[in-house]
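Structure first, then comments.
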């Protein structure tokens, strides 16, 4: 099991030193989120200043970018990183697409599938000289002259993961993707009884094996020792959990545990903007279901016991910040690297 970390809102000027520190600590990968910062710019610096660590977006929103634009960005980062880049895409939800990003929300499953298929067609054109011809409902691509073509790669094409939580997107991941970014708001039961079986059904439809696919997940954690007070970690985790539980698009997880009514109550509070009240609706059972907790040195053992054979790589849903629990992070990395 690979153990990664993710970067959130870091100044680009920090990125060279930070990425080198993360690699030196022993993390297997680092991911950027499209939250307050562009997810691609930091990874250019990560690629330049590291040698081994995997780097990727988790996630970049797909629909504001055309398949050709995404193809170029991923292709260039794959080349510059010597094959270490993973393109992680997501749809976001309707409100963010329409009201924050300014793009139409139409048939997101089909549009995501066409985005991925079109990128593959573009990459096949660049790498193998195959004439570009992709025809879909959203994209019709037939023009690629040498002047606009990417140069052939000497490494494999970039893997494509998509963020998925509901059935149709999970199945699409199994059909056409190299991996899935599984949402931090999950339970073990949801993963084993719903998400992975749906992914595997998609894999079978296209004659693929589970070993052809990477299940990548973020995990809510509450470290109980270290420099940062446990109450601060609890508040962060409960706040994030309450926000996700309030989101109707993620209700499939609550349905498995009989907590849909709590989700609806949280949605009302979210619409009212009473964010501080939302975590108060979470019970201890909910927190235990959706998080793991323990000393930093214990978290790897607990995570492995829960996720071995379920997730292929994971990260804690806590961005790494130099100087904040460095010893704890080091203990966690050591635990994941031990048998």
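The values are calculated or read from the model by the stated rules, or taken from the named source; none is laboratory data. It should be emphasised that the depicted structure is a prediction, and the values quoted were computed from it without experimental measurement. Neighbour counts are summed over all protein chains in view; Cβ atoms, including those assigned to glycine, are modelled from backbone coordinates with ideal geometry.
Here's the yes/no breakdown for (1) over 21 Å from residue 134 (Cα atoms); (2) touching a strand residue (DSSP E or B) at 6+ places or on another chain (Cβ under 9 Å); (3) in the same structural domain as residue 154 (by TED's automatic domain parsing):
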| site | (1), (2), (3) |
| --- | --- |
| 59 | yes, yes, yes |
| 68 | no, yes, yes |
| 72 | no, no, yes |
| 77 | yes, yes, yes |
| 86 | yes, yes, yes |
| 92 | yes, yes, yes |
| 96 | yes, yes, yes |
| 114 | no, yes, yes |
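Here is a yes/no grid of residues against (1) part of a strand (DSSP E or B); (2) in contact with a strand residue (DSSP E or B) (Cβ under 7 Å, 6 or more places away or on another chain); (3) at positive phi:
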site: 300; (1), (2), (3): no, no, no
site: 303; (1), (2), (3): no, yes, no
site: 311; (1), (2), (3): no, yes, no
site: 315; (1), (2), (3): yes, yes, no
site: 319; (1), (2), (3): no, yes, no
site: 324; (1), (2), (3): no, no, no
site: 328; (1), (2), (3): no, yes, no
site: 333; (1), (2), (3): no, yes, no
site: 336; (1), (2), (3): no, yes, no
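For the stretch 293-306, the tally of residues that are within 15 Å of residue 189 (Cα to Cα) and surrounded by fewer than 20 Cβ atoms within 10 Å (Cβ to Cβ) stands at 2. Residues in the stretch 1-52 that are exposed (fewer than 15 other Cβ atoms within 10 Å of the Cβ), outside any loop (DSSP other than H, G, I, E, B) and in contact with a strand residue (DSSP E or B) (Cβ under 9 Å, 6 or more places away or on another chain): 41 alone.
Residue check: residue 55 meets all listed conditions (1) within 20 Å of residue 123 (Cα to Cα); (2) in a loop (DSSP other than H, G, I, E, B); (3) touching a helix residue (DSSP H, G or I) at 6+ places or on another chain (Cβ under 6 Å) but one, namely (2).
Quick one: would you say residue 96 is more than 17 Å from the chain's Cα centre (by Cα), modelled with pLDDT under 95 and either surrounded by fewer than 18 Cβ atoms within 10 Å (Cβ to Cβ) or on the phi > 0 side of the Ramachandran plot (or both)? For residue 96, the condition - more than 17 Å from the chain's Cα centre (by Cα), modelled with pLDDT under 95 and either surrounded by fewer than 18 Cβ atoms within 10 Å (Cβ to Cβ) or on the phi > 0 side of the Ramachandran plot (or both) - is met.
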